[in-house]
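Engineer: Submitted below is the structure of interest, expressed as structure tokens.
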Amino acid sequence: MEWKLSFISEEDFTNHVKATIDKYGEKLESFDIVRFNKNIIDPIKMIFDKTVYQSSWEEIISNEIFRQRDKSNNNDIGYFHQRIFQYVSDCHVPDNGKEGGWDVIYQKDSGIILPEGETVHTIYVEMKNKHNTMNSSAAGKTYIKMQNQLLTDDDCACFLVEAIAKKSQNIKWTTTVDGKNVSHKKIRRVSLDQFYALVTGQEDALFQMCMILPRVIEKVIADGGDDVKIPHDSVLTELKRIAGMNDQSDENLAMAMAIYLLGFSTYKGFDKTADIMITGNGDNSLKRLYEYAKRLPVS
């Protein structure tokens, strides 16, 4: 298939996708029942969710595993959004904490025209994954950082670039600092598509990248072999095995008991059930779960 991205080569883009997948690290480790319950599942919430949302046990378990993995994935996607600009002409991605702590610096000798028509030669960028990830204190600190940059360099602008903005935009950023509304024409709030368009000169550059991305991810995973981890979660299988040991004619209730034992295996009544099931069946999954729960420190 013809490579359609003019601002980055196929090799560089593929390597960047692979580096992003590598950043997922331990989150791609497979989930067994002990890892699944590391922070103690709330069994009653899980029973409510399963019943109210009319989900299958497979769906509810898969959703919880996805939720646990997803909690720390935003930093990895932030890496993708930021580091891709190291391959874009006139863009520079400083090392973490270096060069003022900016995420991207865009410099162009011929000048960069802002929406109001003013020309600057450098843009300093702070990137955020979503429009609502900064509280008022963090927003104020970021704005002051941008103000200070303008004081030391009057031939620049500062952008807050949001991967997931409310809409496509390149506007003056208005926020609150010390209880006062502040704004400046060179301190701007910019959606990711508009930033891509600005630095690449291609109006729909983000769109074109998104159209290619799924195919490249699939190719990286297919070609990666042992270098790319693919999780093979055993939680549902282990829970079904525990449910099968329970003396219940109702399969749904038996599965519910297996779920209850995730959080309640040391609770009164449930501990006796766990002991009986372990003694009578010697199941390793339940034994590991029970022994792990008993070792947890009291806090």
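The values are calculated or read from the model by the stated rules, or taken from the named source; none is laboratory data. Only a predicted model underlies this, so the values are computations on that prediction, with no experimental measurement involved. Note: ideal-geometry Cβ built from the backbone for every residue, glycine included; neighbour counts use all protein chains shown. Each accessible area value is taken on the protein alone, full model and side chains, heavy atoms only, with ligands, DNA and RNA left out. Shrake-Rupley method; radii C 1.70, N 1.55, O 1.52, S 1.80 Å.
Engineer: Can you give me the number of residues within region 235-259 that are open to solvent by less than 40 Å² (accessible area, probe 1.4 Å) and in a loop (DSSP other than H, G, I, E, B)?
Structural biologist: Qualifying residue count, region 235-259: 1.
Engineer: Of the residues in region 42-58, how many are open to solvent by 90 Å² or more (accessible area, probe 1.4 Å) and in a helix (DSSP H, G or I)? Walk me through how you get there before you give the answer.
Structural biologist: Going residue by residue through region 42-58, those that are open to solvent by 90 Å² or more (accessible area, probe 1.4 Å) are 45, 48, 52-54, 58.
Next, from what is left, pick out any that are in a helix (DSSP H, G or I): 45, 48, 52, 58.
Number of matching residues: 4.
Engineer: Further question on the same structure: For region 187-203, state whether one or more residues are at pLDDT 95 or above, in contact with a Cys (Cβ under 9 Å, 6 or more places away or on another chain) and not in a helix (DSSP H, G or I).
Structural biologist: So far as region 187-203 goes, yes, one or more of its residues are at pLDDT 95 or above, in contact with a Cys (Cβ under 9 Å, 6 or more places away or on another chain) and not in a helix (DSSP H, G or I).
Engineer: Against the definition (modelled with pLDDT under 90, more than 20 Å from the chain's Cα centre (by Cα) and surrounded by 12 or more Cβ atoms within 10 Å (Cβ to Cβ)), how does N37 come out, yes or no? Give the steps one after another, and end with the answer.
Structural biologist: Values: modelled with pLDDT under 90: yes; more than 20 Å from the chain's Cα centre (by Cα): yes; surrounded by 12 or more Cβ atoms within 10 Å (Cβ to Cβ): yes.
Considered against the rule, which asks whether it is modelled with pLDDT under 90, more than 20 Å from the chain's Cα centre (by Cα) and surrounded by 12 or more Cβ atoms within 10 Å (Cβ to Cβ), N37 comes out as yes.
Engineer: What are the residues in region 77-128 that are out of contact with any strand residue (DSSP E or B) (no Cβ under 6 Å at 6 or more places or on another chain), of a type in the set (D, E) and under 20 Å from F13 (Cα atoms), if any?
Structural biologist: Listed by number, the list holds a single entry, D95.
Engineer: Hey, another quick one. Kindly provide the set of residues from region 198-234 that are open to solvent by less than 20 Å² (accessible area, probe 1.4 Å) and in contact with a helix residue (DSSP H, G or I) (Cβ under 6 Å, 6 or more places away or on another chain), ordered by number. Step through it out loud before you land on a result.
Structural biologist: Start the filter on region 198-234 by keeping residues that are open to solvent by less than 20 Å² (accessible area, probe 1.4 Å), which leaves 199, 205, 209, 212, 216, 220, 224, 228.
Across region 198-234, the qualifying residues are A205, V216, V220, V228.
Engineer: Looking at D90, D95, D76, D70, which one is within 30 Å of M211 (Cα to Cα), open to solvent by less than 30 Å² (accessible area, probe 1.4 Å) and not polar (S, T, N, Q)? Before the answer, list the steps.
Structural biologist: Numbers: D90 fails: open to solvent by less than 30 Å² (accessible area, probe 1.4 Å); D95 fails: open to solvent by less than 30 Å² (accessible area, probe 1.4 Å); D70 fails: open to solvent by less than 30 Å² (accessible area, probe 1.4 Å).
That would be D76, the only listed residue that is within 30 Å of M211 (Cα to Cα), open to solvent by less than 30 Å² (accessible area, probe 1.4 Å) and not polar (S, T, N, Q).
Engineer: Collect the residues in region 104-138 that are open to solvent by less than 30 Å² (accessible area, probe 1.4 Å) and either assigned to a loop (DSSP other than H, G, I, E, B) or more than 24 Å from V177 (Cβ to Cβ) (or both), keeping them in residue-number order.
Structural biologist: Of everything in region 104-138, those that are open to solvent by less than 30 Å² (accessible area, probe 1.4 Å) and either assigned to a loop (DSSP other than H, G, I, E, B) or more than 24 Å from V177 (Cβ to Cβ) (or both) turn out to be Y106, G111, I112, L114.
Engineer: With the structure loaded, tell me whether N63 is under 24 Å from the mean Cα position of the chain (by Cα) and open to solvent by less than 50 Å² (accessible area, probe 1.4 Å) or whether it fails that test.
Structural biologist: Working: under 24 Å from the mean Cα position of the chain (by Cα): yes; open to solvent by less than 50 Å² (accessible area, probe 1.4 Å): no.
No; evaluated as a whole, the condition is false for this residue.
Engineer: On the given criteria, is E11 under 19 Å from I217 (Cα atoms), at pLDDT below 85 and loosely packed, with under 15 Cβ neighbours inside 10 Å? Write out each step before concluding.
Structural biologist: Values: under 19 Å from I217 (Cα atoms): yes; at pLDDT below 85: no; loosely packed, with under 15 Cβ neighbours inside 10 Å: yes.
Considered against the rule, which asks whether it is under 19 Å from I217 (Cα atoms), at pLDDT below 85 and loosely packed, with under 15 Cβ neighbours inside 10 Å, E11 comes out as no.
Engineer: Among the residues of region 178-197 satisfying the criterion of being open to solvent by less than 50 Å² (accessible area, probe 1.4 Å) and among the basic types (K, R), which is farthest from the chain's Cα centre (by Cα)?
Structural biologist: K186
Engineer: Oh, and also: Could you give every pair whose Cβ atoms fall below 7 Å, whose first residue belongs to region 94-112 and is touching a residue at least 24 places away in the same chain (Cβ under 8 Å) and more than 10 Å from Y124 (Cα to Cα), and whose second residue is assigned to a strand (DSSP E or B) and among the β-branched types (V, I, T), counting only separations of at least 6 or pairs across chains?
Structural biologist: That search, which allows pairs on different chains as well, returns I112/T119; I112/V120; I112/I123.
Engineer: So, of the residues in region 143-168 that are within 23 Å of the chain's Cα centre (by Cα) and surrounded by fewer than 18 Cβ atoms within 10 Å (Cβ to Cβ), which turns out to be nearest to N129 (Cα to Cα)?
Structural biologist: Restricting attention to region 143-168, the residues satisfying the condition of being within 23 Å of the chain's Cα centre (by Cα) are 159-168.
Now restrict to residues that are surrounded by fewer than 18 Cβ atoms within 10 Å (Cβ to Cβ): 164, 166-168.
Working: I164: 6, K166: 12, K167: 14, S168: 14 Å.
That would be I164.
Engineer: Restricting attention to region 25-47, does a residue exist that is farther than 24 Å from I230 by Cβ, in contact (Cβ under 8 Å) with a residue 24 or more places away in the chain and of a type in the set (S, T, Y)?
Structural biologist: Within region 25-47 (the criterion being farther than 24 Å from I230 by Cβ, in contact (Cβ under 8 Å) with a residue 24 or more places away in the chain and of a type in the set (S, T, Y)), the answer is no, since none of the residues qualifies.
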